[in-house]
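Just below is one structure, and these are the notes that go with it.
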Amino acid sequence: MVSNLIVGNWKMNNDFVAAIHLTQQIGILARQADVAGVSLVVTPPTCDLRSVSSVIEADRLAIKLGAQHAYWEDGGAFTGETSIPMVKRLGCTFIIVGHSERREHFGMTDDAVAKTTASALRHDLTPIICVGESEEIRDNEGHVEFVSSQILAAVGGLTASQRRDVVVAYEPIWAIGTGKVASSEQVAEMMAVIRSAWPEDGGDITVLYGGSVKPENATELASTPGVDGFLVGGASLSGEQFVEIAAAAAKCYR
Ligand code: PEP
């Protein structure tokens, strides 16, 4: 089981040179800050994974590596895709699954999310399954049902013991990259919804919040009941901000 993660989703930013610099910066800042008790994970673009894993190893940085996406088949005629065993060989121990940008721009379905999750677990990677409603769904008060059904679709076909190795990230689409942060009440409600949608007692699963997390709001969000860490987009592109967020969260979890 995993807990207290601060995950940086770099999206399609940073070529391998910029990725090396940012990784080193995060590693150095994290040594100076008090981030004891949280694990820092970076998820660079796939083409940067080899460079980032080399720098983590060479400089002995306390950073874990994740992929933003990979295909669920292990190999074969799937032009343009990268498999989970391939990203694992590059040092990944985490993988983001079903980010709303994959769902929206690349047609990733609930079924694909479930298959990718199962493949990640088969290869001992921790899947970080992203769920979250659009503004329209929330306005129509369908968010509880929508997110519950995303959870069941993603993990319903797994065994109970596999489900213990899964991380969930609640990321309301309307809060991603918009500067609109969900309120503590909204986040607390959805943390509880995700845990009660879990096929077993979901009390001890790891659930992250994502959506415009910044150093300024990290303490309040990390102190919100049920939040075990963050999935950070924009602010993870700044080493200073990313480590500040991690330090703020670490303080709340101690
Ligand atoms: C994300 O991309 O997962 C995300 C939460 O982005 P941002 O922090 O920029 O809202």
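Checking every residue in segment 170-178 against the condition of being in a helix (DSSP H, G or I) and either in contact (Cβ under 8 Å) with a residue 60 or more places away in the chain or touching a Cys at 6+ places or on another chain (Cβ under 6 Å) (or both) gives at least one match. Just one of (1) under 20 Å from the mean Cα position of the chain (by Cα); (2) assigned to a helix (DSSP H, G or I); (3) exposed (fewer than 15 other Cβ atoms within 10 Å of the Cβ) fails for GLY37. It is (2).
Scanning segment 96-109 for residues that are surrounded by fewer than 16 Cβ atoms within 10 Å (Cβ to Cβ) and among the charged types (D, E, K, R) yields one hit, GLU104.
Tell me, yes or no, whether segment 166-182 has at least one residue that is more than 12 Å from the ligand (Cβ to nearest atom) and surrounded by fewer than 18 Cβ atoms within 10 Å (Cβ to Cβ). Taking every residue of segment 166-182 in turn, none turns out to be more than 12 Å from the ligand (Cβ to nearest atom) and surrounded by fewer than 18 Cβ atoms within 10 Å (Cβ to Cβ). For segment 70-82, indicate whether the set of residues that are closer than 28 Å to GLN162 by Cβ, part of a strand (DSSP E or B) and within 16 Å of the ligand (Cβ to nearest atom) is non-empty. No. For segment 137-152, enumerate the residues that are buried (at least 18 other Cβ atoms within 10 Å of the Cβ) and either more than 16 Å from VAL187 (Cα to Cα) or in contact with a Phe, Trp or Tyr (Cβ under 8 Å, 6 or more places away or on another chain) (or both). Residues satisfying the conditions are ILE137, ARG138, VAL147, GLN150, ILE151. Every residue in segment 219-243 that is within 14 Å of the ligand (Cβ to nearest atom) and either more than 30 Å from LEU152 (Cβ to Cβ) or not aliphatic (A, V, I, L, M) (or both), please. Once the filter is applied, which keeps residues that are within 14 Å of the ligand (Cβ to nearest atom) and either more than 30 Å from LEU152 (Cβ to Cβ) or not aliphatic (A, V, I, L, M) (or both), segment 219-243 yields GLY229, PHE230, GLY233, GLY234, ALA235, SER236, LEU237, SER238, GLN241, PHE242. Residues satisfying the criterion are absent from segment 126-136 (criterion: within 19 Å of CYS47 (Cα to Cα) and either away from the ligand (no atom under 16 Å from the Cβ) or crowded, with 19+ Cβ neighbours inside 10 Å (or both)). For segment 206-217, taking the residues that are away from the ligand (no atom under 11 Å from the Cβ) and in contact (Cβ under 8 Å) with a residue 12 or more places away in the chain, the one that is surrounded by the most Cβ atoms within 10 Å (Cβ to Cβ) is identified as VAL207. Summed over segment 195-254, the residues that are in a loop (DSSP other than H, G, I, E, B) and either aliphatic (A, V, I, L, M) or in contact with a Pro (Cβ under 8 Å, 6 or more places away or on another chain) (or both) give a count of 4. Here VAL87 clears all of (1) over 30 Å from LEU221 (Cα atoms); (2) over 17 Å from the mean Cα position of the chain (by Cα); (3) not acidic (Asp, Glu) except the condition numbered (2).
Throughout, read-outs are computed from the coordinates displayed, never taken from laboratory work. Computed from a prediction, not measured in an experiment: that's the story for all the values here. No Cβ is skipped: glycine too gets one built from the backbone with ideal geometry, and neighbour counts run over all protein chains shown.
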